[in-house]
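Colleague: Sharing a structure with you now.
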Amino acid sequence: MKKFFALNLLLVSFFSAAFALEVNKQELESLGSNKEIEFINYEGPHAVINTVAQIKGIGSEMGVQIASDVSKKGHAGNNGRYSVIHAVDPSVKEKLDADILIIGSQSQLDHINNLRRIISGYLTAAYNYSESDADTLAVFITVYNAVYRSNIGAFFDKYKSAVTDNLDANYCGLSVDYRDWPGKTQIVIPLYDVNNGGLSTIDTSVISDKNVISSMKEDDDMNIDSRKNLVDLKERESEDAGQNAKNAQKQATEENKKLEEEKAKTERMKAEAETAEKEAAEKEKIAEKNPSDQQAQSEAENARREADNKMKALEGQIENERMQSSVTENEREKARNQQALSDRKESEAQSERKDIAIDQVTVQNAQAENTPENLDYGLLLVDEKKQYSKIVKFNKKNGKAVKDSPVNVIHNRQFITAGDNFAVIAGENKGNGAVKLVLIDRENMEIILETEEKLSDSSPLLYDGGYFYCIISEKGGNYLGKFDTSLRLVMKSVEAVKAASPIVITENAITVTGQDGKIKILDKSDISSKIGG
């Protein structure tokens, strides 16, 4: 996914300082797609920051509603923001049921990690998955839906009308671009068995087919950790299914004993009914020959009544035997299915562990080339119109990009080295986004700290004497702000300034452009004070 790139990088160094229903097992194999998936997220500061628990709570609230009766179709959530259609139809045996997670038009969701948190919360509440297992499944579910985005034909082939009646040809699945999510997303989770569940409620074979795994391998780390986690889950699935098979076989043996007892009882009652029928026929012949013999007539009637009762009882017993035979066969079938599931999961886990081991060597070899002394950092322009950049870690010897920062909305084509981190102005004043001064760590190149204050879209960034200077935007005005290395606002100017004001720092003063368009000279030690009139 990360290709060679020309080393026209701008290197700037100012100082050193995520009970019930089962997903179908063969669904993905026949969908036929091999897309390379790279999710495009908003990677910048936010105006409002929600906790992980709050985000997962969106999913869990819907999951609790669905969990109340998973055997019936249902709906949960808010159509404008997030909702789930529990599309099941037990009366139809062919094709698949599904859960459909819909992102509404009012959603401000802008990162795949948060979408996965919502899915994880849903799986935990609806189907009683552990948080760690739900997190793993959410990763694969999102990639699965991205791989098969807008493949409506495949959905019609595989899903019941209860599902497809709710799908839109353009929006089924998941776009890789967060800007396409609101009002245009239907995440399909194929469901299989309303009676079993446990670890196999969601069939891991479906969400980890060869196309999904191929896509996941495109990432720098080849998603080794997520794939290991899923293999671990599959191994536990195999163990559980194996135990279920043993339990079902034991129950089948017990039910078979009952069946043999019912068969013996049927044979006894059949013999009794045949004897009673024979006796009734004989007495009816005698009564027919002696129509005036009242005793003969009475005995014939009683014998016929007894024979009819015996036959009726036999019919009831035959039905009892049939029902017990069905119960016995159901247990045998359950044992066979659970054993087949156990064998399949074990086989998949073994195969995938071998595949992961090979990929680990590939990743390790790549890492061996990227020793610290061979690495450096630069900026890559990612949006020429908006002039947004992102930090890139690259190998100085071979020119390969080693890792891209997910933060792709850096302003001014500028970063400042701040100890073990980088200071940048980043963000977008759109949706829940905001422009702020942030710190990005060197290792993961993710935001680790951001200012509470919002900045002007066009603010410059300077560092001097242990402080950062930039333009704050608040209450309809713009002001010069002074921040310490913890990104705490130390001081701001009383004087309003232009949103794009240059900031020039001299030995004793700072010059900016005032809101009136005139030069303003501020005291360097106290930027709330002006020098001169």
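The values are calculated or read from the model by the stated rules, or taken from the named source; none is laboratory data. If you're wondering where the values come from, they're calculated on a predicted model, not measured in any experiment. Quick reminder, even Gly has a Cβ in these numbers, built from the backbone with ideal geometry, and neighbours come from all protein chains shown. Surface areas here come from the heavy atoms of the whole protein model, side chains and all, with no ligands, DNA or RNA. Shrake-Rupley method; radii C 1.70, N 1.55, O 1.52, S 1.80 Å.
Colleague: Which is modelled with pLDDT under 95, open to solvent by less than 30 Å² (accessible area, probe 1.4 Å) and not in a helix (DSSP H, G or I), of Ile189, Ile207?
Modeller: Answer to the selection: Ile189.
Colleague: Name the residues in the stretch 281-312 that are in contact with a helix residue (DSSP H, G or I) (Cβ under 6 Å, 6 or more places away or on another chain) and of a type in the set (A, V, I, L, M), would you?
Modeller: If the condition is that a residue be in contact with a helix residue (DSSP H, G or I) (Cβ under 6 Å, 6 or more places away or on another chain) and of a type in the set (A, V, I, L, M), then Ile286, Ala287, Ala296, Ala300, Ala303, Ala307, Met311 are the ones that fit.
Colleague: Continuing with the same structure: Hey, among the residues in the stretch 39-56 that are in contact with a helix residue (DSSP H, G or I) (Cβ under 9 Å, 6 or more places away or on another chain) and crowded, with 16+ Cβ neighbours inside 10 Å, which one's nearest to Asp219 (Cα to Cα)?
Modeller: This residue is Phe39.
Colleague: Could you list all residues from the stretch 91-110 that are part of a strand (DSSP E or B) and not small (Gly, Ala, Ser)?
Modeller: Leu96, Asp97, Asp99, Ile100, Leu101, Ile102, Ile103 - these are the residues of the stretch 91-110 that are part of a strand (DSSP E or B) and not small (Gly, Ala, Ser).
Colleague: Still on this structure, please answer the following. Just checking, which of Ala303, Ala287, Ala281 is open to solvent by less than 50 Å² (accessible area, probe 1.4 Å), over 30 Å from Asp232 (Cβ atoms), part of a helix (DSSP H, G or I) and at pLDDT below 90?
Modeller: Every option except Ala287 fails the conditions.
Colleague: While we're looking at this one, here's another question. Could you give me the residue pairs with C-beta distances under 7 Å whose first residue belongs to the stretch 137-155 and is more than 13 Å from Gln186 (Cβ to Cβ) and open to solvent by less than 10 Å² (accessible area, probe 1.4 Å), whose second residue is of a type in the set (Ser, Thr, Tyr) and modelled with pLDDT of 95 or more wherever it lies, and which are 6+ apart or on separate chains?
Modeller: Cβ pairs passing all conditions: Ala138/Ser120.
Colleague: Would it be correct to say that Ile447 is more than 24 Å from Gly465 (Cβ to Cβ), among the β-branched types (Val, Ile, Thr) and open to solvent by 20 Å² or more (accessible area, probe 1.4 Å)? Lay out the reasoning, then the answer.
Modeller: Numbers: more than 24 Å from Gly465 (Cβ to Cβ): yes; among the β-branched types (Val, Ile, Thr): yes; open to solvent by 20 Å² or more (accessible area, probe 1.4 Å): yes.
Judged against the criteria, Ile447 is a match.
Colleague: Okay, next question. Considering only residues of the stretch 35-75 that are closer than 19 Å to Asn114 by Cα and part of a strand (DSSP E or B), which is modelled with the lowest pLDDT?
Modeller: His46
Colleague: While we're on this one: Out of all the residues in the stretch 331-384, which are out of contact with any Ser or Thr (no Cβ under 7 Å at 6 or more places or on another chain), part of a helix (DSSP H, G or I) and among the aliphatic types (A, V, I, L, M)?
Modeller: Hits for the stretch 331-384 are Ala335, Ala340, Ile356, Ala357, Ile358, Val361, Val363, Ala366, Ala368.
Colleague: In the stretch 331-379, which residue that is of a type in the set (Asp, Glu) and open to solvent by 70 Å² or more (accessible area, probe 1.4 Å) is farthest from the chain's Cα centre (by Cα)?
Modeller: The residue in question is Glu373.
Colleague: If we only count strands (runs of 3 or more DSSP E) wholly inside the stretch 473-533, which ones have 3 or more residues that are open to solvent by 60 Å² or more (accessible area, probe 1.4 Å)?
Modeller: none
Colleague: Any residue at all in the stretch 419-428 that's in contact with a Leu (Cβ under 7 Å, 6 or more places away or on another chain), buried (at least 16 other Cβ atoms within 10 Å of the Cβ) and at pLDDT below 90?
Modeller: So far as the stretch 419-428 goes, no, none of its residues is in contact with a Leu (Cβ under 7 Å, 6 or more places away or on another chain), buried (at least 16 other Cβ atoms within 10 Å of the Cβ) and at pLDDT below 90.
Colleague: Next up: Tell me yes or no: at least one residue of the stretch 174-182 is touching a strand residue (DSSP E or B) at 6+ places or on another chain (Cβ under 7 Å) and within 24 Å of Tyr129 (Cβ to Cβ).
Modeller: Yes, the stretch 174-182 contains at least one residue that is touching a strand residue (DSSP E or B) at 6+ places or on another chain (Cβ under 7 Å) and within 24 Å of Tyr129 (Cβ to Cβ).
Colleague: Given the condition open to solvent by 80 Å² or more (accessible area, probe 1.4 Å), part of a helix (DSSP H, G or I) and touching a Lys or Arg at 6+ places or on another chain (Cβ under 9 Å), answer yes or no: does some residue in the stretch 310-330 qualify?
Modeller: Yes, the stretch 310-330 has at least one match.
Table: residues versus (1) loosely packed, with under 15 Cβ neighbours inside 10 Å; (2) in a helix (DSSP H, G or I).
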residue	(1), (2)
Ile213	no, yes
Asp220	yes, no
Glu235	no, yes
Ala245	no, yes
Gln249	no, yes
Glu255	no, yes
Glu267	yes, yes
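Colleague: May I ask you to say which residue of Asp404, Asp441 is open to solvent by less than 60 Å² (accessible area, probe 1.4 Å), more than 25 Å from Tyr467 (Cα to Cα) and of a type in the set (D, E, K, R)?
Modeller: Details: Asp441 fails: more than 25 Å from Tyr467 (Cα to Cα).
Just a single option satisfies the conditions, and that option is Asp404.
Colleague: Can you say whether Tyr159 is modelled with pLDDT under 95, open to solvent by 10 Å² or more (accessible area, probe 1.4 Å) and of a type in the set (Ser, Thr, Tyr), as far as the supplied structure shows?
Modeller: no
Colleague: Does Asn395 qualify as being open to solvent by 20 Å² or more (accessible area, probe 1.4 Å) and polar (S, T, N, Q)?
Modeller: No; evaluated as a whole, the condition is false for this residue.
Colleague: Here's another thing I want to ask about it. Every residue in the stretch 164-186 that is polar (S, T, N, Q) and open to solvent by 50 Å² or more (accessible area, probe 1.4 Å), please.
Modeller: Asn166, Asn170
Colleague: Taking Asp110 as the residue in question, decide whether it is among the charged types (D, E, K, R) and closer than 23 Å to Glu237 by Cβ.
Modeller: no
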